[in-house]
Structure formats: C-alpha cells, structure tokens
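One structure is given here, and the rest of the page talks about it.
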Amino acid sequence: MLNRPTLTQFIIESQGHHADATGDFTGLLNDVATACKAIASAVARGALADVLGSAGSGNIQGEEQKKLDVIANTTMIAANEWRGHLAAMASEEMEHILPTHQRGRYLLVFDPLDGSSNTDINMTLGTIFSVLRTPDNGRDPVADDFFQPGTRQICAGYALYGPSTMLVLTTGQGVNGFTLDRNLGEFFLTHPDMVIPADTSEFAINMSNERFWYPPVQRYVAECRAGRTGPRGRDFNMRWIASMVAEVHRILNRGGVFMYPRDLKDPAKPGRLRLLYEANPMAFIVEQAGGMAITGEARMLDVKPTSLHQRVPVILGSTNEVQRIADYHREAPVMAA
Ligand code: AFP
C-alpha cells in the first residue's frame, strides 16, 4: 500500500507545481478529507451509533433532515471553521452562509450528505464539495461572493461512502480517485487520471417523472428504450441509485449518462438538483474527466448563480450521448421555462 501516494502527498506534490503556493490550499483539502473520514465512520457504524432516522427537523429546501445530514454538516463545519483557510462556507443544509473566524483565501461549498434518502437502508451516500476563491474586496463575506460560475471553481470533489470509502478530486488538472484504508486512516491514490468513455449504452434517470419531462429528454429516453429495434439500433441499460455521487462515480468508472432534467412536476422549480452544491462540482469533475455537463441548453459551468440554493436541470456524462441530448434540445421548439 505504501508504494502508492497518500492524498496528502499527492496534494503537496501537485501544489509544488504552483510557484505561489503557500500550503493554505493543501491544508484546506486535508481538513475536508478529515471531515469525510469522520462522516464515513459515522455512516459505517449506522444503527450501532444510533445515527439513522430522522433528525425531526427540516432544511431550507423544505426537506426532512436525517440525523446523518445534521452530523455530516456539523462535522464539515467543525473540521474547517477555525483552521484559517476559509472566509465562509455554504451548505445545502444551511439557509445562510457561515462566515468563519478568520478571513481566509477560500470559500467552501458543500452538500454534506448526498442521497440521504439512502441512509436508513444502508445504501451508498456521499459528500460533495467545491472550493472558490474569496473575492479580493476586503469586506466581510456575503452570499454574493459565492455566486461565481462553475468555471471559477479551483477544486471540486466528492467522498463516496460505499463498500469502500473513496475521495475523488479535481483541481483542474484531471481527476484522481483515492481509497480510504480504514486500518491506516489514510486515503491512497488508487484511481489515477480517471477518464469517462465518450460512448455508452447506459443511462440513469428517475423514470417515475417521465410524464413531466420536456420533449427533448422524452425523445432521448424513448429512443434508448426502443433499443435495437429503434432509431439507435442497439440496446441500452438503465440504473437509478438516487444518490448523485454514486451515479457520477459509476459514470467516471465505466461511462454513462445521468439526467435530472427540468420537468413540469413543480413549475416553481427548474430542476431538482442544486447548482452550487451538486451540479457545479460534478460538472467540473465530469469535464475534467473528458465528459460533458449541461442544463439542456447551456454548459453547466457557464451558468451564473443568482441564489445560494438555486436549482438547475442536470444532464452529464459520456460526451457523445450528452452532445446528442444537447442537439435534441437545440432542435426542439422553444419551451417555456
Ligand atoms: P437527497 O440528498 O436530498 O436525498 O437528494 C439526493 C439527490 O439530490 C441526488 O443525489 C439524487 O440523484 C436525487 O436527489 C434523487 O432524487 P429522486 O428521489 O427524485 O429520485
């Protein structure tokens, strides 16, 4: 095992290529990794640690909070708030931003526990995070500071709490995956230079929403389902884990398309997933692995955020399939948002 670089060694090594690196960013990533290890430990102990079930509270999205949502959020805050690397944090579980105690150079955005409907059934969960630079304006942090398009992320990653715990990371120079050795308490590089195959015959979507989708997505999925007797001339396979981390991880490993498109289920919501906490970090990772991420009409990373908890339609994965879905959107008659 020790012939593989640890996450810390890997980060220090890559920071060495930046002449102006101070070690601040390395420290931040170490703190995030420490939080992920602590969350992994709570998730793994499950019922034994009495962490399953509802917390009896709701978040800003109006969703029920699970005990593990609260634990993961608190853990991420505790690991970062006094360390000096951050000016503020924003979390899917908090209504407002949380300024830290020093004016650090970075902003941390996170979904502390993605796929939390999976907590009570011992299925895969994850943590998603993204790092932005603190604007150089000398004032105390405000929510506006977080409204930077995804192209401005300097790092994005996720921890996957599955049969093994993994941390997958990009700093804009490709994507690398690390597996946690639980005995040593260290993440080791196990998946260097992850690349999403451009072609795939696998898609992931919540089919129960089919009647609410807009025509381009209905067309794409109908063609996949028609298989070898349809216009695509080949069979497709479908998956749905209800945890974006798990879906993206599968796509990074063997290709595929993940869709949570705009639908008419609740006209007040242009999508289910959150731009800052889910869509942008995953879009950065997917692009860095050679894939594509769009809203349908636009490149995800170009969307300018306008609110902390903004929702967006998400379509990402293997380039040739995502490009096809983008083409279907372009060919479709203009739809009311
Ligand atoms: P939660 O973390 O709130 O459970 O949501 C998970 C998620 O945001 C994303 O990870 C899944 O892909 C999607 O929601 C699942 O949504 P459905 O329950 O509508 O299938």
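Numerical summary
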quantity: Search result, residues across the range 237-280 that are in a loop (DSSP other than H, G, I, E, B), without any contact (Cβ under 8 Å) to a residue 60 or more places away in the chain, within 13 Å of the ligand (Cβ to nearest atom) and under 25 Å from M94 (Cβ atoms); calculated: D266, K269, G271, R272
quantity: Filter result for the condition that a residue is loosely packed, with under 14 Cβ neighbours inside 10 Å and in a helix (DSSP H, G or I), over R324, R234, R228; calculated: R228
quantity: Hits in the range 91-126 - residues which are hydroxyl-bearing (S, T, Y) and part of a strand (DSSP E or B); calculated: S91, Y106
quantity: Count of the range 124-150 residues which are among the small types (G, A, S) and out of contact with any helix residue (DSSP H, G or I) (no Cβ under 8 Å at 6 or more places or on another chain); calculated: 2
quantity: Matching option when the condition is modelled with pLDDT of 95 or more and closer than 19 Å to L125 by Cα, among A222, A226, A198, A156; calculated: A156
quantity: Flag if G227 is without any contact (Cβ under 8 Å) to a residue 24 or more places away in the chain and in contact with an Asp or Glu (Cβ under 7 Å, 6 or more places away or on another chain); calculated: yes
quantity: Evaluation of A44 against (1) touching a residue at least 40 places away in the same chain (Cβ under 8 Å); (2) surrounded by 15 or more Cβ atoms within 10 Å (Cβ to Cβ); (3) under 16 Å from A159 (Cβ atoms) (one fails), failing number; calculated: (2)
quantity: First in the range 193-211 and under 19 Å from G290 (Cα atoms) and of a type in the set (D, E, K, R), second anywhere and within 15 Å of the ligand (Cβ to nearest atom) and part of a loop (DSSP other than H, G, I, E, B), Cβ under 6 Å, 6 or more apart; calculated: E202/G256
quantity: Selection count, the range 127-158, where residues are in a loop (DSSP other than H, G, I, E, B), of a type in the set (A, V, I, L, M) and touching a strand residue (DSSP E or B) at 6+ places or on another chain (Cβ under 8 Å); calculated: 1
quantity: Residue tally, condition among the β-branched types (V, I, T) and outside any helix (DSSP H, G or I), over the range 30-86; calculated: 2
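Residue-wise test of (1) farther than 19 Å from S130 by Cα; (2) in contact with a Phe, Trp or Tyr (Cβ under 8 Å, 6 or more places away or on another chain); (3) in the same structural domain as V131 (by TED's automatic domain parsing).
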residue	(1), (2), (3)
G53	yes, no, yes
N59	yes, no, yes
M76	no, yes, yes
A90	no, yes, yes
E93	no, no, yes
H96	no, no, yes
T100	no, yes, yes
V109	no, yes, yes
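Here is a yes/no grid of residues against (1) on the phi < 0 side of the Ramachandran plot; (2) more than 16 Å from the ligand (Cβ to nearest atom); (3) aliphatic (A, V, I, L, M); (4) not assigned by TED's automatic domain parsing to the domain that holds L264:
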site	(1), (2), (3), (4)
Q148	yes, yes, no, yes
C155	yes, yes, no, yes
Q173	yes, yes, no, yes
L184	yes, yes, yes, yes
R211	yes, no, no, no
Q218	yes, yes, no, no
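The values are calculated or read from the model by the stated rules, or taken from the named source; none is laboratory data. If you're wondering where the values come from, they're calculated on a predicted model, not measured in any experiment. Virtual Cβ from ideal backbone geometry, glycine too; neighbours counted across all protein chains shown.
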